[in-house]
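Below you'll find the structure, written out as structure tokens, and then a few comments.
Derivation of every value follows stated rules applied to the coordinates shown; laboratory data play no part. These numbers were taken from a predicted model, which means no experiment stands behind them. When we count neighbours, we look across all protein chains shown, and the Cβ atoms used for this are built from the backbone with ideal geometry, even at glycine.
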Number of protein chains: 2
Amino acid sequence: MNEKEFLKELKEINFLQQALGILDWDIQTGMPEKASKERSEVNGYLYSLYFSKKIGPKIKEAIQYFSKHPDELSDTGKLVFEKVKEEYELEYKVPEELMSALTTATSTAHVQWQKARETKSFADFQEALTKNIELTKQLIPYWKKEEATNYDVLLNQYEPGMTVEILDQVFQQLKEGILSIRETLKEKGKEPDTSFLSRKMTKAQQEKFVVGVIKQLGYDFSRGRLDDTIHPFMIGINHNDARITTRWNEHDFQMAIFGVIHEAGHGMYEQNIDQKFAYTPIYQGTSMGIHESQSLFNEIIIGSNRSFWEKQYPFFQECAQGTFDDISFVDFYRSLKQTKASLIRIEADSLTYPLHIIIRYEIEKMIFNEGVEVAQLPAIWNQKYEEYLGICPENDLEGILQDVHWSGASFGYFPSYALGYMYAAQLLHALEQEVSLDEVLASDDYLPIKEWMKEHIHQYGASRKPTQLILDATKETLNPQYLIDYMKKIYFSVYQVEEIVKKKEG
Amino acid sequence: MNEKEFLKELKEINFLQQALGILDWDIQTGMPEKASKERSEVNGYLYSLYFSKKIGPKIKEAIQYFSKHPDELSDTGKLVFEKVKEEYELEYKVPEELMSALTTATSTAHVQWQKARETKSFADFQEALTKNIELTKQLIPYWKKEEATNYDVLLNQYEPGMTVEILDQVFQQLKEGILSIRETLKEKGKEPDTSFLSRKMTKAQQEKFVVGVIKQLGYDFSRGRLDDTIHPFMIGINHNDARITTRWNEHDFQMAIFGVIHEAGHGMYEQNIDQKFAYTPIYQGTSMGIHESQSLFNEIIIGSNRSFWEKQYPFFQECAQGTFDDISFVDFYRSLKQTKASLIRIEADSLTYPLHIIIRYEIEKMIFNEGVEVAQLPAIWNQKYEEYLGICPENDLEGILQDVHWSGASFGYFPSYALGYMYAAQLLHALEQEVSLDEVLASDDYLPIKEWMKEHIHQYGASRKPTQLILDATKETLNPQYLIDYMKKIYFSVYQVEEIVKKKEG
């Protein structure tokens, strides 16, 4: 065994992964509706080739050999080897019967979840969810390394290094910060007018605008593409092929425009990983949280920036061909940042969004660390929405059934969404030590932002863990205060809190 | 070895083929422009998996076993086995070095061909073409079974059972027929007015019309899709996924409209093969010629039919949103069938088209059966265009360099185009014994045409050879007279030959 041989095997595994990527992309963007049975057979076969190589004899041999002879690896080879070993150990340890039982269970659960959504009743999902939880609990011992609790093990699958101890503290602080901001806005803020947001804007008009914007931000269309889909996503096939997708609503331009800017953030991450990692498992984002930091930086940090919209609004008006000519820039900008308690996470605004995440986090923790009864979950869910957001779902579809993750046994994934947001605000603070975001976004050249992210985040791919990346980029560990301060700044400004306070005082 | 095991291996081979199909489709429809290097690596790897299974130990074992125990195969199994054996023998016999030399040579030749097109000079392609010819000549002995001449062997690769002896006779008759029709039209015909054909019709307008038409003809969009591409094609992934592509020109609606109708003909063939052949190598068209008969039946036989256009013209006018409102149906219909000698095959009309094919056929035969000097080819080409069409290319780009086939060493492929056309006319004659094409196309229900084709052609896939299919469907072997008679009917009518003759006589 030598490094060349090892990398060759990884390259072949990567080829299969790339093929699977294109096949998945095709399923979600345009495969003829009747072709799904055939396609799942093809994907199943290719996946079996991929998986049996990934835990196959060559990789096993490489792990044994290089564990004993680490010095025979180059610097890059060492980084790659660490990741391969980590993934191998995770996958090899688990008994095949258990993985196969989970695959069956999640298929069933997905069907049951869809059925329960129709009846709007958690009762129809309860049995399948219980099974998913039970099997996940059986998996935890195989995955466990030095984590303190069961739920820590699950968190680590998606965000290496993240713990319940950290999240409890961070989420508590964040929750209090948000609730306090909400309180202030309620008392002293002025609601923006949003009546014109549902004006018709055709797909072509929206597309012209958002494609123009993401090109400026640095998404490279010669190494990507934008397609229509039902559930928007980004898929990174390789360095030169990171595709994004969106859906369009002619009476809600925000959906596609912010959606595309979001996915372009994921795409820019994948387009800018150092090419020396190509064809290896470190050619990817390092965690869900870091990936989400990039998409949310685009969507929220840039997409909520006043200078950004001041610069782009004339172009937006031009694309809308007269539809928004009677709306002033200030009114338009304020309308984008209305905040309002809502039941559905994916429709939430950027202030209340983390509360949705925190609620599911708290419940997942109860499931895996406190052994709560599955039957109790809807009541707990509803009570928490009442407590944190002051509203209560009328049925389980609006409540606990809204997200797909549990049907796929993706427990521990949810916190990534809020982590990404906190990372984004913390990265903004670090970036502003060097570059003024307002100034860049007021100019014709947005690239300094991409360059900063490339230097501090993108280039490393999965060769550095999230904790290390954030520490190196921001000289600090995760600190939720940056997000709280950021939210205050944006929302107090949009809701004209200071002006109102001054007026009252004056 | 048993049939189940044999079919399982074929299924896995087919899965790899399906994956390769989607990857190819993606390359031609929307892959980001910079991703081609990575993609060719992925395709190369998957192709090697596919090919090594196709001539691998399991297939070898199956061939040995079932050659001795044919009775252990079901009826379908026997048909499948015949095809597998045939392909295996073709591929297994050829030395790997020779195939690999050909792959290298055709890559070089493709680059040289493109370069020669830029300089418009055959001299820049001559060396590479010579190499392609030489290697093909070395391959012929490995492929040869009982064919009479070298060129017969090449013909058989694309059209099993076709021979120089048959083609010489058939093409002679066809050529004479076409030249005679051209003579009559020149003497007694009235040229249609085509001045309005270049009026602008947007992509959306053209698409609305042609999608409507191919749905009526029976192309199933729930098992297919239509995309944009540079070089239009159809690709059959499986029973439920036969995709077509086109290119659009806003000032030449004929390009996309007849192009899409053509590709839909290929697509309908692939959508209607008997599902019992799924996952085997007989789930495909039986030959290039038969495939082309289906596309040309759609494009020319249906697309030149007066009743078809009489029925569709109001819909066409509606789609064009006023652009053709001043053009009468008769003038419009006549404009579509103008005939005029031209230098470029793919721009040729449906009367002169076969002459282009016959010229390249005659030259290919000279190369492989008569040992003509490669350096002589442009002169021969030009002299034949002068003789058959009365026009002469000004340079090699307009002449011998126009088609890609020789750069890929696809010698023997060309006659398929004319065979398809002759088959289409012969199938029309047979179909009309049962169904009146005019009546069906004047009605709201076009499906009887598709049903007839499905019954006589589509369902069999590659389980029957072209000669057998044509004999069964038409009760006759290939007979070019049907095409000649058909051309006479169409062109004499459009060019008002009889009316003019009567007028002169009157």
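Restricting to the protein assembly as shown, compute how many DSSP beta bridges are antiparallel as a %, nearest 5. Mind dumping the intermediate values first?
Details: 8 of 14 bridges.
If I count the DSSP bridges inside the protein assembly as shown, around 55 percent turn out antiparallel.
Based on Cα atoms of the protein assembly as shown, Rg over Rh with Rh as the Kirkwood radius reads 1.02.
Given the options A:76, A:100, A:122, identify the residue whose Cα lies farthest towards the positive end of the charge dipole of the stretch A:3-150 (+1 on Cβ of Lys, Arg; -1 on Cβ of Asp, Glu). Working it through, the farthest residue towards the positive pole turns out to be A:122.
What is the list of residues in the stretch B:483-506 whose amide nitrogen lies under 20 Å from a point 7 angstrom out from the Cα of residue B:438, following Cα to Cβ? Residues B:483-502 qualify, since their backbone N sits under 20 Å from the label point. The distance separating the Cα centre of the stretch A:1-42 from that of the stretch A:234-254 comes to 20 Å.
Counting from the shortest, the label point at residue A:72, 7 Å from Cα toward Cβ, is 4.5 nm from the same position in each remaining copy. For the stretch A:3-150, the C-alpha radius of gyration divided by 2.2 N^0.38 Å, with N the number of residues, is 1.31. Backbone N atoms of the stretch A:123-163 closer than 19 Å to the 7 Å Cα→Cβ label point of residue A:92 belong to residues A:141-146.
For chain B, list the DSSP H helices whose alpha carbon atoms reach 15 Å or more along the long axis and whose average Kyte-Doolittle value is 0.5 or above? Membrane-span-like by this rule: B:415-431. Residues whose amide H falls under 5 Å from that of residue A:391, counting only those 5 or more places apart or on a different chain, are A:386, with hydrogens built in the peptide plane. List the pairs from B:54/B:215; A:311/A:337; A:186/A:489 whose alpha-carbon separation is above 26 Å, in the order I gave them. Distance filter (> 26 Å) returns B:54/B:215. Summary for residue B:455: label point 7 Å along Cα→Cβ; distances to the equivalent points in the other copies, ascending, 7.5 nm.
Test of understanding: ordering B:290, B:230, A:449 by Cβ neighbours within 10 Å, fewest first, what list do you get? Please list the in-between numbers first.
Working: B:290 26, B:230 8, A:449 22.
Result, fewest neighbours first: B:230, A:449, B:290.
The calculated FRET efficiency for the pair residue B:48 and residue A:489, based on their C-beta separation and a Förster distance of 41 Å, comes to about 0.10. Placing pseudo-labels 7 Å out from each Cα toward the beta carbon at residue B:211 and residue A:8 gives an inter-label distance of 4.9 nm.
Simple rule: put +1 on each Lys or Arg Cβ and -1 on each Asp or Glu Cβ in the stretch A:3-150, find the dipole, and look at A:25, A:111, A:65; the Cα lying farthest toward the positive end is A:111.
From the alpha carbon gyration tensor of chain A, can you work out the equivalent ellipsoid semi-axes (sqrt of 5 times each eigenvalue) and give them in Å, largest to smallest? Intermediate results must be reported in sequence, preceding the final value.
Working: eigenvalues 277, 158, 112 Å².
Values for chain A, descending: 37, 28, 24 Å.
Annotation: amide H-H contacts under 5 Å for residue B:228 (H modelled 1.01 Å from N, sequence separation of 5 or more, or interchain): B:246. In this simple spin-label approximation, residue B:104 and residue B:445 carry label points 7 Å from Cα along the Cα→Cβ vector, and these lie 6.2 nm apart.
Over the stretch A:372-443, the fraction of Cα-Cα pairs per 5 Å bin, rounded to whole percents and listed from the shortest bin up, is 3, 12, 13, 17, 14, 9, 7, 10, 9, 4, 1, 0.
When only Cα pairs under 8 Å and 6 or more residues apart are kept, what is the percent relative contact order across chain B? Before the final figure, lay out the partial values.
On the way: 683 pairs, mean separation 105.3, N = 506.
Result for chain B is 21 percent.
How much length is gained if the chain between residue A:310 and residue A:254 is pulled fully straight, taking 0.36 nm per residue apart and subtracting their Cα-Cα distance, in nm to one decimal?
On the way: separation 56, 0.36 × 56 = 20.16 nm, distance 1.65 nm.
Net length gain for the segment: 18.5 nm.
Taking the simple approach of a point 7 Å from Cα along Cα-to-Cβ for both residue A:172 and residue A:459, what is their distance in nm? Distance between the two pseudo-spin positions: 3.9 nm.
The distance from the alpha carbon centre of the stretch A:127-179 to that of the stretch B:202-222 is 52 Å, rounded to a whole number.
If you place +1 on the Cβ of every Lys and Arg, -1 on the Cβ of every Asp and Glu, and leave all else neutral, what size is the dipole of chain B about its Cα centre, to the nearest 20 Debye?
Working: 56 positive and 78 negative charges, 72 e Å.
So the dipole magnitude of chain B works out to roughly 340 debye.
For residue A:375 and residue A:325 in the same chain, what is the full-extension length gain: residue separation times 0.36 nm, less their Cα-Cα distance, in nm?
Details: separation 50, 0.36 × 50 = 18.00 nm, distance 5.29 nm.
Between residue A:375 and residue A:325, full extension yields an extra 12.7 nm.
Label points for residue A:28 are taken 7 Å from Cα along Cα→Cβ. From this copy to the others they lie 2.7 nm apart, shortest first. With R₀ fixed at 30 Å, the C-beta to C-beta distance from residue A:404 to residue A:196 puts the FRET efficiency at about 0.40.
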